[in-house]
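Inspection log for the structure reproduced underneath, given as structure tokens.
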Amino acid sequence: MARTLLNIPKTAQRGEVIEIRTLIAHKMDSGFLPDAQGQRIPRDIIQRFACRYNGEQVFSAELFAAVSANPYLVFYLVATESGMLEFEWQGDNGFTQTERVPITVT
Amino acid sequence: MHLPMRLPMNLPMKTEVPPSPVRRDLLAMGVGLAGAVFVRPVAAQSEELAAAVAAFAGGATVRPGRVKLEVAKLVDNGNVVPVSVSVESPMTAADHVTAIAIFNEKNPQRDIAKFAFGPRSGKASVSTRIRLATTQKLVAVARLSDGSFWSDSADVIVVLAACIDGEA
Amino acid sequence: MRRSARLAALSMLAVLLGCTMPAPVPLPALGFGLATTDRSGPAEPDRRRSGFEFMGEQTQAMQRDDSANPAMLGVQDGEMLWNTAPGPQAKACVACHAAAQSSMKGVAARYPAWDGQLARPVNLGTRINLCRQRHQQLPPLTADHQQLLNLEAYVGLQSRGLPVMPDPDPRLLPFRERGAQRFVQRLGQLDLSCAQCHDQLAGLKLAGSVIPQAHPTGYPIYRLEWQALGSLQRRLRGCMTGVRAEPFAAGSVEFVELELHLATRAMGMALETPAVRP
């Protein structure tokens, strides 16, 4: 399981646009660089990210090798009801990780 | 503008100092020497960038405007370049941004990232950190719910890490 | 390609260093092993500046925000390691040291410090390894092992904001002196010393990037060049290879002596661990 840093307001007002910051530990090997022996390191990146709000996808991203290691994504969504935010990352070599964070909307 | 990749080997190493204009030229050569992993003809890369934008737009006209691509003009290190894209839009069901894509000019690959939005986004804005192989142009393209495409571009100067670094 | 470009920049620098240099950054009068500066004369402004001030705005923003600083991923891991017994026979750090927030406060700011058994200074990474060996009956981790860096970052965070205050043990004096000599010693094919760039040319530019004063106030750092957390020794190895010198062996006393001098030179400056640097 890769380490993640998720910054989400614990509570929000209904209708408020909130900022979500996500950071996940991942080397994002581009596939273009050689190792110390001169051998090309094969690509190993996170390719997809999705955020679901009570099951409905509200934001997604397709990432390429040009995204820096430890991918950082900041995006927004409208706080509509209390529930669960789910963050999912998928990538090369079967990489998959899901994190869930509750949100309270008043 | 392409600068020569190597200095002449008879450069004096002792106390002799070249006259000022020459020194300025030598210093100027430092900028932009970050070195692309693959060296390709400039024209081919610009065409590829245009092709990538066109492919994303599905042949539709891409107009400059409404999109704001924010990136530092001179970055500390090409490995981690913070970048933000935002688009003016009410983000209602009837009128919203559906996608934003970021492309580059001189990396080994044109694509950087593609993002999908909807009315539940509230704001058509995203930030991330990207890798830039060398000084180059970045383009951000947004697709709106009415099928129109808008763009912004930025020129970024990428220099070496400040210190002498023996690591490759 | 990167390396030859850097070499080119360094060759230019070697040429430029032949001419008259601006006055070196004056450092406060520091007696070796003393905790206070000489205040008998007129007060001289402290011209020491953290590497933080030489970075671009966006890199600074990355360091300031714990939710945006990639080093905090390592700190998270370090916290888990602190609280987890590494094996059925071994105790976790927390078993002896309790909560790091209290027991480790001020610790990182004191390193490198004297180790009685080895009869030499050790840096924080070596200290953690010595604890592993002596009190957890575990083998040491390699110097740049991710777990060791993460633990160092977690321990270092507990001293964030505190002034660098290296161990004043008088037995460290000869090591400090050797470290100070190394700082001004020219080395490598490019025949450059640390002082030539970091004392004399700090604030000026090398190939478009600003040369910092080289105060190690944020280690382990998340270095953009590495896209990872790394130690001061890794950085110093990079510097030495960069001037085409054979780097000291990893974990060698030569490196620790230099680290000790750098910590003394930075005495009183605030620790920023875990910092972000270009």
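Chains B and A: what accessible area do they bury, summed, in square angstrom to the nearest 100, with a 1.4 Å probe?
Accessible area lost upon association: around 2400 Å².
Calculate, for C:Ser103 and C:Asp66, the FRET efficiency according to 1/(1 + (r/R0)^6) with r their C-beta to C-beta distance and R0 25 Å; round to the nearest 0.05.
Efficiency, from the Cβ-Cβ distance: 0.75.
Pop out the carbon and sulfur fraction of the accessible area of the stretch C:194-278 as a percent, whole number, probe 1.4 Å.
Carbon and sulfur: 57 percent of the exposed surface of the stretch C:194-278.
To the nearest 0.05, what FRET efficiency results for A:Val17 and B:Lys73 with a Förster distance of 30 Å applied to their C-beta separation?
Approximately 0.55, to the nearest 0.05.
Can you pull the accessible area of A:Leu5 for me, 1.4 Å probe, Å² to the nearest 10?
Estimated to the nearest 10 Å², A:Leu5 gives 30 Å².
Given labels modelled 7 Å from the Cα in the Cβ direction, how far is it in nm from A:Ser82 to C:Glu246?
The modelled label-to-label distance comes out at 6.8 nm.
How large are Rg and Dmax for chain A when calculated on the C-alpha trace, in angstrom?
16.0, 57
Counting only protein heavy atoms, probe 1.4 Å: which residues of the stretch A:73-100 lose 20 Å² or more of accessible surface in the full assembly compared with their chain by itself?
Listed in order, they are A:Leu73, A:Val74, A:Tyr76, A:Val78.
Residue separation times 0.36 nm, minus the C-alpha to C-alpha distance between C:Arg47 and C:Ala90: what's the value?
10.8 nm
Cross-link candidates for B:Lys68: which lysines have Cα within less than 22 Å, leaving aside residues fewer than 8 places away along the same chain?
Cross-link targets: B:Lys106, B:Lys114, B:Lys123, B:Lys137.
Which value in nm describes the separation of the simple spin-label points at B:Ala154 and A:Gln47, placed 7 Å from the Cα toward the beta carbon?
Calculated label separation equals 2.8 nm.
Percent of accessible area on the stretch B:39-168 owned by carbon and sulfur, 1.4 Å probe?
56 percent
At a probe size of 1.4 Å, how large is the accessible area of A:Thr104, to the nearest 10 Å²?
A:Thr104 has an accessible surface of roughly 70 Å² with all protein chains in place.
What total accessible surface area, summed over both chains, is buried at the interface between chains C and B, computed with a 1.4 Å probe and given in Å² to the nearest 100?
3900 Å²
Compare C:Arg176, A:Arg40, B:Arg120 by solvent-accessible area with a 1.4 Å probe and give them largest first, with all protein chains kept in place.
On the way: C:Arg176 5, A:Arg40 160, B:Arg120 55 Å².
Result, largest first: A:Arg40, B:Arg120, C:Arg176.
How many times 2.2 N^0.38 Å is the alpha carbon radius of gyration of the stretch C:75-140?
The value comes to 1.13.
Checking buried surface per residue: for the stretch C:185-230, which residues lose a minimum of 30 Å² accessible area in the protein assembly relative to the chain alone (1.4 Å probe)?
Checking the loss per residue gives C:Leu206, C:Ala207, C:Gly208, C:Ser209, C:Tyr222, C:Arg223, C:Leu224, C:Glu225, C:Gln227.
From largest accessible area down, sort A:Tyr76, C:Tyr219, A:Tyr53; use a 1.4 Å probe on the protein chains.
Largest to smallest exposure gives the sequence C:Tyr219, A:Tyr76, A:Tyr53.
Between the stretch B:119-161 and the stretch A:24-87, what is the separation of their alpha carbon centroids in Å?
After rounding, the separation between the Cα centres reads 16 Å.
Quick check for you: with a 1.4 Å probe and neighbouring chains kept, what is the accessible area per residue of the stretch C:53-148, in Å²?
I get 49 Å² per residue for the stretch C:53-148.
Quick one: Karplus J couplings for the stretch A:76-91, per residue in order, coefficients 6.51, -1.76, 1.60, θ = phi - 60°, nearest Hz, x for Gly and Pro?
Listing the rounded values in order: 10, 8, 8, 6, 10, 8, 5, x, 10, 9, 10, 10, 10, 10, 9, x Hz.
If you roll a 1.4 Å probe over the heavy atoms of the protein chains, what accessible area per residue do you get for the stretch B:43-132, in Å²?
The answer is 37 Å² per residue.
Go through C:Cys197, C:Cys131 and list them by solvent-accessible area, largest first, probe radius 1.4 Å.
Sorted by accessible area, descending: C:Cys131, C:Cys197.
Can you give the accessible area of C:Leu187 in Å² (nearest 10), computed on protein heavy atoms with a 1.4 Å probe?
Using a 1.4 Å probe on the heavy atoms, I get roughly 50 Å².
The values are calculated or read from the model by the stated rules, or taken from the named source; none is laboratory data. Only a predicted model underlies this, so the values are computations on that prediction, with no experimental measurement involved. Because the Cβ atoms are built from the backbone with ideal geometry, glycine has one as well, and the counts that use them run over all protein chains shown. Keep in mind that these areas ignore ligands, DNA and RNA; they rest on the heavy atoms of the full protein, side chains included. Shrake-Rupley method; radii C 1.70, N 1.55, O 1.52, S 1.80 Å.
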